[in-house]
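Here's the structure we're looking at; comments come further down.
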Amino acid sequence: MASKEATVYIVDLGRSMGKKNHGRSKTNLEWAMEYVWEKITTTVSTNRKTAMMGVVGFRTDETDVDGIVEKDEYPNIQVFSRPKQFLLPDIRILQEQIKPSSTNDGDILGALVVAIQMINDATTGKTGNPLKFERRIIMVTDGQGPIDADDLDGIVSKLKQDGIEITLLGVDFDDPESGYKEEDKDSDKEEHEAVLKTLIEDSGGNFGTLAVAIEQLAIPRLKETRPTPSYRGTLTLGNNVEYEATLTIDVERYPCTMLAKPPTASSFVVRTDLGSAPGASTQSSATVLGDGEHTNGDLSAVRNQRAYQVDNPEEPGTKMNVGMEELERGYEYGRTAVHISEADSNIVKLETSPALELIGFVAKKKFDRYLPLGRTNFIVPQKTNDKSQLALNCFVHALFETECYAVARLVSKQDKPPAIVLLVPYLEGEVEALVDVELPFEEDMRRYKFPPLDKKYTISGKVILEHRDLPNRDLMSAMSDYVDAMDLSNFGVDDDGNQTEYMKFEDTFSPILHRINQIIRWRATTNTYDKLPDPPQILTKYSVPPADLMAKAEHHLDALKQAGDVKRVPPKEKGRGKRRREDRDKPLSGLDVDELLGNPKKVKIDSQNLIPSFKQALAATDDLDAIQAAADNMGSNIKTYISASVGDSGYGRALEAIRVMRDELTELEEPEIYNVFIRDLKRDVLDGKLKGDRREMWWRIKGSRYGLIDRKRSFASDVTEEEAAEFYKK
């Protein structure tokens, strides 16, 4: 369960925040709000009700601190939002309010007092005692406004007393750690920076310049989760129920690694006015959406409803609805559904009890690393149990010193299927634990056999070590040198200039996960459909090899190409496909059988043997005109099948001919020939030009998805996927 937190942002809205300094294209306020919006949207994306946020502005044109402090004592301070759970509509409202004012009056320390009081009001229980919250205040300012530091010590004391963490980010503030110092600084700003820095140092807060904070925003924030045990029980060696001479250790199991997935999209529809139409539903929008579902503007969440229907025995040809409780479970056996009643399934159900039982040991060097399945977990001793901690530590050290792994049977919950896990000793720093990973059963194994890469076997069993398909010594040596030249293990450089690993594990992040989160946050604060922002450099840094390393290994690559006789494959010509006869499969003899037998180069389409003769006609020619003639003849015969059909007797033959024509022309990369035919056929069928109402034939073509050939099916097609889908609708 995530901890509760209350954060208040103090934003400087003075007139000076509307200026553009040091050649920046954005105003000081726009630049500062990049950080604030990033922090707010990140918190909103967690959808936690216990993550409350508030916003206070100072140096504002208006004063609004009603119900918090005395208005006369804190002028030019405006509370935009008290601590609460922020949603997207709150961000939209706040965007309209955050604008530079026309005044420079307003004290940042006064805004800090207001923020402290807001946090206390929001995190105090009904009895008057403070609740368990993480309290934070984040301030952004350019330091140009007046500051009354008379009560600075009292503010520092209050921050420490309430346990509030304070962070100050200054626009163009001097930062010795980052090496930034603003030249020709105004004396008032320099004095204000000194006061604010004293405030932060005395209260134990964080002080920094805004440039560094925004630069660090590109580094993805890792989600911290509170570990939840998946098993609490005993680790046993032997039957502790029947025998006393057994090993029993009270342990707990926590996840070690988890798969991070990007957020999933939800479906929404345009909301209609529920109460405008006669007889409209009296449900509120909250009822329609369900608990925890929110909307934005005219959008409403989609709710799915499932219904089950069976044949109605009383009215043949109709269906009747049945409830979920009336259905029985069935299992596919071939094409047949085998019914197993609930009573029978309970008899064969495996009854298990939670347990972690050792069943054997395996030497570390004999264990195959490809066997583990799924994610890993930590097994640690039970908290506040000294005997279990001592026993498990001894067991971990025993496995480590003997270079062995343990194999155990795990049932994490009652009646859950058992799993076989491998227990590996883990000793790092002060942590001594077991790491478990699931092992496969025999049915989980997939054994594939591949021919060796360094030798060939003849039918007689002779071993061939030199062959054109086998790498020679020169190629192996060149490949080895190239692999060594592309080594990343020591290509990086640390802060002291020493060689280190180039791509460290802690510096690599999932591009898809953090890119999607970045775009969601950007879109939440962007009303215009501008071009998407570029991904942060840290997400794309490791997507390509470093340029310096590639240049260093270039001569090794050239040697590898020469040793392997690598040649560039000519680009595939559009529209050629398998049309060229010399590109098709040839007999081993290399003889042209058709020419020897006197077969003609142009085959006539036989209506009595339509499909085979059509294929022969395409295989016998390379000429585009001949292919067009064969397709026209094929199309004419298909229309004849349809027009001469009694009822739907000829529709099946016509449909199969359409499929063959579509596949063959797609393979020849001549989709336009087929698309012209199918458009013409659709028009003739729907207009009744094929001797009657043949719309049933069109429904069969539509159901078989034998419409236009789009770009997804053939790159030579000019038809988009949207146009192909629209073809079925019109």
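The numbers here are math on the coordinates, done by the rules we state, and not lab data. What you see is a predicted model; the values in this text were computed from it and never measured. Glycine gets a Cβ as well: all are built from the backbone with ideal geometry, and neighbour counts include every protein chain shown.
Among Lys561, Lys449, the ranking by other beta carbons within 10 Å of each residue's beta carbon, starting with the fewest, stands as Lys449, Lys561. Karplus-based coupling profile of the stretch 361-374, in residue order and whole Hz: 9, 9, 5, 4, 6, 9, 8, 7, 5, 7, 6, x, 10, x, with θ = phi - 60° in 6.51 cos²θ - 1.76 cosθ + 1.60 and x standing for Gly or Pro. Scanning residues 5 or more positions from Leu299 or on other chains, those with amide H under 5 Å from its amide H are Arg271, with H placed 1.01 Å from N in the peptide plane. When both bridge partners sit in the chain, DSSP labels roughly 65% of those beta bridges antiparallel. Residue order for Asp172, Asp386, fewest other beta carbons within 10 angstrom first, comes to Asp386, Asp172.
Partners of Lys19 within straight-line reach, counting lysines whose Cα lies under 28 Å from its Cα and excluding those fewer than 8 residues away in the same chain: Lys39, Lys99, Lys181, Lys185, Lys189, Lys197, Lys531.
Here is how the number arises for the chain: DSSP H runs of 4 or more residues each give -39500 (n - 2.57), the sum is divided by the residue count, and the result at 222 nm is -10000 deg cm²/dmol. For Val407, the residues whose modelled amide H falls within less than 5 Å of its own, excluding neighbours fewer than 5 places apart on the same chain, are Ile359, Gly360, Phe361, Val362, Leu423.
In terms of other Cβ atoms within 10 Å, Trp698, Trp31 run from fewest to most in the order Trp698, Trp31. Rounded, prolate or oblate: which one fits the stretch 188-270, using the alpha carbon gyration tensor with axes a ≥ b ≥ c (rounded when a/c is under 1.5, else prolate when a/b beats b/c, else oblate)? Oblate. Restricted to Cα atoms, the chain shows a radius of gyration and a Dmax of 37.1, 111 angstrom. Evaluating 6.51 cos²θ - 1.76 cosθ + 1.60 at θ = phi - 60° for every residue in the stretch 39-53, the Karplus couplings come out as 5, 5, 5, 5, 5, 4, 5, 6, 6, 9, 6, 8, 9, 8, 9 Hz, glycine and proline recorded as x. The HN-Hα couplings worked out from phi for the stretch 611-620 by the Karplus form 6.51 cos²θ - 1.76 cosθ + 1.60 (θ = phi - 60°) are 5, x, 5, 5, 5, 5, 5, 6, 6, 8 Hz, whole numbers, x standing for Gly and Pro. About its Cα centre, the dipole of the chain is roughly 3980 debye, where the only charges are +1 on Lys and Arg Cβ and -1 on Asp and Glu Cβ. What the Cα convex hull of the stretch 5-216 gives, in volume per residue, is 126 Å³. The antiparallel fraction among DSSP beta bridges confined to the stretch 5-216 stands at about 20%.
When both the stretch 611-633 and the stretch 380-438 are represented by their alpha-carbon centers, they are found 70 Å apart. Bridgeable lysines around Lys604 (alpha carbons under 21 Å apart, same-chain partners fewer than 8 residues away excluded): Lys578, Lys615, Lys639. Size descriptor for the stretch 97-197, Kirkwood hydrodynamic radius: 15.5 Å (Cα pairs only, one decimal). Take every pair of alpha-carbon atoms less than 8 Å apart whose residues are at least six positions apart; their mean separation over the length of the stretch 5-216 yields a relative contact order of 23 percent.
The ellipsoid equivalent to the alpha-carbon distribution of the stretch 334-382 has semi-axes of 36, 20, 12 angstrom, derived from the gyration tensor eigenvalues as √(5λ) and listed largest first.
The long axis of helix 88-97 is offset from the longest Cα principal axis of the chain by roughly 50 degrees.
For the stretch 533-572, rounded, prolate or oblate, judged on the Cα gyration tensor with a ≥ b ≥ c (square roots of eigenvalues), a/c < 1.5 rounded, else prolate if a/b > b/c? In terms of gyration-tensor shape, oblate. In terms of its C-alpha gyration tensor, the stretch 597-730 comes out oblate, because a/c is 1.5 or above while a/b does not outweigh b/c. For Lys84, the residues 5 or more places off, or on other chains, whose built amide H falls under 5 Å of its own are Met53, Gly54. Rounded to the nearest 10 degrees, what's the angle between the helix 187-203 long axis and the longest principal axis of the chain, both from Cα atoms, 0 to 90? For helix 187-203, the angle is close to 90 degrees.
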